[in-house]
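Everything on this sheet refers to the single structure shown next.
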Amino acid sequence: MSKIVTMIAPVNIAVIKYWGKRDEELILPLNDSVSATLDTNVMCAKTSVCARPEFFENEIWLNGKKESFTNQRLENCLHEIQARAADEKSVSVEFLSWKVHVCSVNNFPTAAGLASSAAGYACLVSALAKLYKVKSDVSSIARLGSGSACRSVYGGFVRWHAGVNHDGSDSVASQIADASHWPEMRALILVVGETKKKISSTSGMRISVQTSELLKHRIEYCVPLRTEEIIKTIREKNFAKFAEITMKDSNQFHAICLDSYPPIVYMTDVSHYIIELVHKYNKTCGEIKVAYTFDAGPNACLYLLDKEVPKVVSLLKYAFPTSNSEFITGLSVQAEELT
Ligand code: 2P0
């Protein structure tokens, strides 16, 4: 007797960045963040979870390699889903006692600043929720795996509310608009480097919180304003303003990394060249047609409307003649089950 569930979950790329925690254990952020969830056809995590009475212990394989399940974040996610299932009485007590085996794969570079943990934990938690028939919102449980994972639980444009409660009960994600709201929106991922980042997001955030003066200004003043503004641009489908806020917030996040002590550098010369190229392109167009954003790594995500894609792809092919690492995609629906 066994039960198995397989899910795929999308990557999300923030336009208002999450950087800094108010509680490291519960993964509670200092600021709200906003992201777009990308289509699973190009970048996604795929996770299968299997429960059997014969399994001796919980086990996990990541990208084909067996990893330890004694990882606090992993254990927290499993424990919280099981607790939720017990509350909701969605499965039998006997089924809750069975051990699980988890198998998860990504189809894009892991830990190179491409939101792999976001997709991975969103997928794991969605698969466990399906396995244990949990019906309530699981974004707060995905958050326990990796902060940004709570945003990948929903499709389209998503806001993660920092919340104020000490127990994290109000630190949840909610959908601003679904993928069909702005069907012309595209994301273009440019893989600049596939090597693992030198400083993990978790450590980088800790250094910034402890040392960056600029971070305080960002959290108190910039992010609250920008969050409201960018939500308005999404609702009104005002691309130029959406793009401007996206680029400014990416730049400010990397300025905070540099303001941290010792400084944290995620972007490379190629990343800076992409920034220059985008500004030149927008200037030539006479209005903002493309936005860049960079996470904790050198890879770029460009947001643009579909009619702009052929021109921008030609420009990139001209600028990077030997590169073929572009992924073009639209926005996506939430994590879904594979049948
Ligand atoms: C974001 N990043 O909003 C920002 C922008 C990186 C730069 O969320 O410690 O991997 O697991 O909560 O979620 C990366 O942070 O960090 C991140 P943890 P996570 O997408």
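Per Stokes-Einstein, at 4 °C and 1.567 mPa s, what whole-number D in µm² s⁻¹ belongs to the stretch 198-339, with the Kirkwood radius over Cα pairs as the hydrodynamic radius?
In µm²/s, the coefficient rounds to 77.
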Cross-link reach from Lys280 to aspartates and glutamates, straight Cα distance under 16 Å and at least 8 residues apart if same chain, gives Glu244, Glu308
If you project the alpha carbons of the chain onto their three principal axes, what span does each projection cover, largest first, in Å?
65, 40, 38
May I ask you to derive the relative contact order of the stretch 1-146, considering only C-alpha pairs under 8 Å and at least 6 residues apart, and to give it as an integer percent?
32
Helix 269-285: angle to the longest alpha-carbon principal axis of the chain, degrees 0 to 90, nearest 10?
60
P(r) tail fraction, the stretch 1-64 - alpha-carbon pairs more than 19 Å apart, %:
59
How large is the Kirkwood hydrodynamic radius of the stretch 228-299, counting all unique pairs of alpha carbons, in Å?
13.1
What ranking do 86-93, 183-190, 70-77 get when scored by the average of other Cβ atoms within 10 Å per residue, highest first?
183-190, 70-77, 86-93
Nearest 500 deg cm²/dmol is fine: what mean residue ellipticity at 222 nm does the chain get from its DSSP H runs of n ≥ 4 alone, each adding -39,500 (n - 2.57), divided by its residue count?
-11500 deg cm²/dmol
Just from the alpha-carbon atoms, what are the Rg and Dmax of the stretch 127-225 in angstroms?
16.5, 45
Built amide H within the under 5 Å cut-off of Ile60, gap 5+
Glu67, Phe69, Val102
With bins 5 Å wide starting at 0, give me the P(r) of the stretch 126-172 over every alpha carbon pair, in whole percents.
5, 21, 30, 26, 14, 5, 0
Please get the size of the charge dipole for the stretch 20-90, origin at its Cα centre, with Cβ charges of +1 on Lys and Arg and -1 on Asp and Glu, quoted in debye to the nearest 20.
220
Taking Cα pairs closer than 8 Å and at least 6 residues apart, the relative contact order of the chain in percent is 25
Restraint check, Lys198/Lys232; Lys197/Lys283; Lys198/Lys283; Lys3/Lys89; Lys21/Lys198, Cα-Cα greater than 29 Å:
Lys198/Lys232; Lys197/Lys283; Lys198/Lys283
Once the Cα atoms of helix 309-319 and of the chain are each reduced to a long axis, what angle between those two axes, in degrees from 0 to 90 to the nearest 10, is obtained?
70
Using only the Cα atoms of the stretch 181-223, build the gyration tensor, take square roots of its eigenvalues as a ≥ b ≥ c, and label the shape rounded, prolate or oblate: rounded if a/c is under 1.5, else prolate if a/b is larger than b/c, else oblate.
oblate
About the Cα centre, charge dipole magnitude for the chain (Lys/Arg +1, Asp/Glu -1 at Cβ), debye
460
Packing-wise, with mean Cβ within 10 Å as the measure, how do 280-290, 4-14 rank, highest first?
4-14, 280-290
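Every number in this text was worked out from the coordinates using simple rules, so none of it is lab data. Predicted model, so just to flag it, every value in this text is computed and none were measured. When we count neighbours, we look across all protein chains shown, and the Cβ atoms used for this are built from the backbone with ideal geometry, even at glycine.
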